[in-house]
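Working notes, beginning with the structure itself.
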Amino acid sequence: MSVSSNSEYGARPRFWFAVYQLLWHLLLPLAFVRLAWRARHSFAYLHHIPERLGFGYDKPNSKGSIWIHAVSVGETRAAQPLIEAYLARGESILLTHMTLNGRRTGKQLFSKAIAAGKIRQVYLPYDLCWCVEHFLRTFKPKFGLFMETEAWPTVVFRCAEIGLPLFLVNARLSERSARRVNRFGEAGRALFQAFAGILAQTEFDSQRYRSLGVKNVVITGNMKFDVPLDANLVAQGKEWQEHLYASKRLMICAASTRDGEEEIILKAWKDLLLCNAFEIQPLLCLVPRHPERFDEVANQIHTAGLKFRRRSEWAGLPKDSVDLDVILGDSMGEMPLYYSASNLVVMGGSLLPFGGQNLIEACAAGCPVLLGEHTYNFQQAALDAIAIGAAKRIKGELLLGETIALTESLKGMLLNASELTKMGEAAKTYTIEHQGATKRILAALDQEMLALS
């Protein structure tokens with residue numbers, strides 16, 4: 001893999017780039033309206049507004065840092081082993097995000113390094129030429145690493161033009177996204193060709209990037225397998241699980257659910273409870289993907305007539321949950337707790353066409369996973385988990401008014417304790433066998449930067 005000359009290969013498409021810039025300038029007021037709208041849930045959305053425009057940095061002392069861009073929560077967590085590896089080498093990190101929750105997650109994960117001045121957190125500016133230019137001139141990073149799917153045209157093309165190596169790491173590209181890129185013709189393909197290199201998760205991803213004309217692609221695996229679970233949260237989850245067993249309860253976690261999926265899950269859950277087929281009564285822990293939807297989902301549970309409480313109502317572990325039907329997981333950063341306390345996970349984002357959420361963390365906790373049909377964002381991970389016996393796919397179509405397939409899948413798995421145990425063991429094996437992506441990414445980047453020096 002080598003950094004390519006961008007005079008012809010991956011060059012900025014001038015006409016379409018001018019149109020793109022015009023649209024950004026015209027729509028910029030709407031970006032601030034959107035932030036103001038989100039501020040209804042948290043005033044923090046209005047913090048650091050100048051950073052969105054490439055200005056307002058206090059003491060920008062991060063020149064020569066390694067720049068890592070992790071757009072939101074999932075990407076920030078996935079970047080953890082890579083960031084920690086570079087910190088162990090004595091490098092300083094410029095960590096950028098686009099979302100408030102991504103920034104909060106980064107602050108939570110790397111609080112000590114941030115306090116020590118080893119990590120600098122800012123928002124990536126909006127993709128306007130003057131915003132990006134001022135950002136790059138201010139920080140002058142050593143090289144840049146964009147996580148997974150991020151490809152902002154102004155940033156990517158400008159880095160190529162000024163000779164700043166910018167890599168797409170832990171990269172994934174679904175078939176749907178590849179088709180979308182191809183609709184833009186040469187302009188879309190040039191965007192990915194302008195990266196200094198692409199370090200893809202799987203052979204599927206590599207083939208799709210190559211179909212866009214990208215030559216410098218290396219398969220390095222998925223860093224999410226290298227992300228450690230919080231040991232304290234795992235221990236608390238196991239303690240919670242033991243208490244549930246003592247109360248003749250077991251928990252099923254519907255994790256990272258998306259809009260529309262909660263209605264399907266709650267209807268299936270009511271039908272499951274009505275069948276009275278269990279000696280040990282199941283308890284649903286419902287964890288929406290986005291915190292701003294916690295109140296909305298609470299109203300849905302109430303409307304469904306199910307007895308529930310919010311996780312936030314307990315200061316410690318929710319041990320007095322014997323008489324509940326549902327616990328609403330309205331907390332941030334506690335997925336290892338929920339997974340470790342659960343006997344089965346229904347993976348959100350896969351019941352409706354959202355592409356699925358990260359099933360790897362659940363498997364790392366030794367929890368079997370039940371998937372819907374929509375897992376195109378985690379295609380290889382889902383196939384591998386099913387193949388090794390760590391996950392199963394729901395048989396049958398899921399619609400808002402028809403949830404028999406989910407109800408029957410849940411019932412069949414919960415009535416087969418030996419199968420759940422076997423799947424849990426397979427889940428741990430699955431995560432261990434797929435570790436090592438971080439080391440491969442570091443080696444590839446070291447080789448690349450050595451060639452450039």
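The values are calculated or read from the model by the stated rules, or taken from the named source; none is laboratory data. Only a predicted model underlies this, so the values are computations on that prediction, with no experimental measurement involved. All Cβ positions, even for glycine, are placed from backbone atoms using ideal geometry, and neighbour counts span all protein chains on display. Only protein heavy atoms, including side chains, enter the accessible area calculation; ligands, DNA and RNA are left aside. Shrake-Rupley method; radii C 1.70, N 1.55, O 1.52, S 1.80 Å.
Below, the figures for the structure above:
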| read-out | value |
| --- | --- |
| Filtered residues of the stretch 85-115 (kept if within 18 Å of GLU148 (Cβ to Cβ) and assigned to a helix (DSSP H, G or I)) | ALA85, TYR86, ASN101, GLY102, ARG103, THR105, GLY106, LEU109 |
| Residue selected from the stretch 149-170 under the condition in a loop (DSSP other than H, G, I, E, B) and either modelled with pLDDT of 95 or more or of a type outside the set (D, E, K, R) (or both), by the criterion farthest from LYS63 (Cα to Cα) | THR149 |
| VAL122 open to solvent by less than 40 Å² (accessible area, probe 1.4 Å), among the β-branched types (Val, Ile, Thr) and outside any helix (DSSP H, G or I) | yes |
| Top-ranked residue of the stretch 173-200 - restricted to ones that are assigned to a loop (DSSP other than H, G, I, E, B) and open to solvent by less than 20 Å² (accessible area, probe 1.4 Å), ranked as nearest to ASP446 (Cα to Cα) | ALA196 |
| Lone qualifier among TRP16, TRP67 - being surrounded by 19 or more Cβ atoms within 10 Å (Cβ to Cβ) and modelled with pLDDT of 90 or more | TRP67 |
| Matching residues in the stretch 400-442 - criterion: being open to solvent by 60 Å² or more (accessible area, probe 1.4 Å), hydrophobic (A, V, I, L, M, F, W, C) and either over 26 Å from ILE264 (Cα atoms) or within 25 Å of the chain's Cα centre (by Cα) (or both) | ILE432 |
| Condition met for GLY213 (closer than 30 Å to ARG180 by Cβ, surrounded by fewer than 15 Cβ atoms within 10 Å (Cβ to Cβ) and either among the aromatic types (Phe, Trp, Tyr) or over 26 Å from the mean Cα position of the chain (by Cα) (or both)) | yes |
| All positions within the stretch 33-48 that are of a type in the set (Phe, Trp, Tyr) and open to solvent by 60 Å² or more (accessible area, probe 1.4 Å) | TRP37, PHE43 |
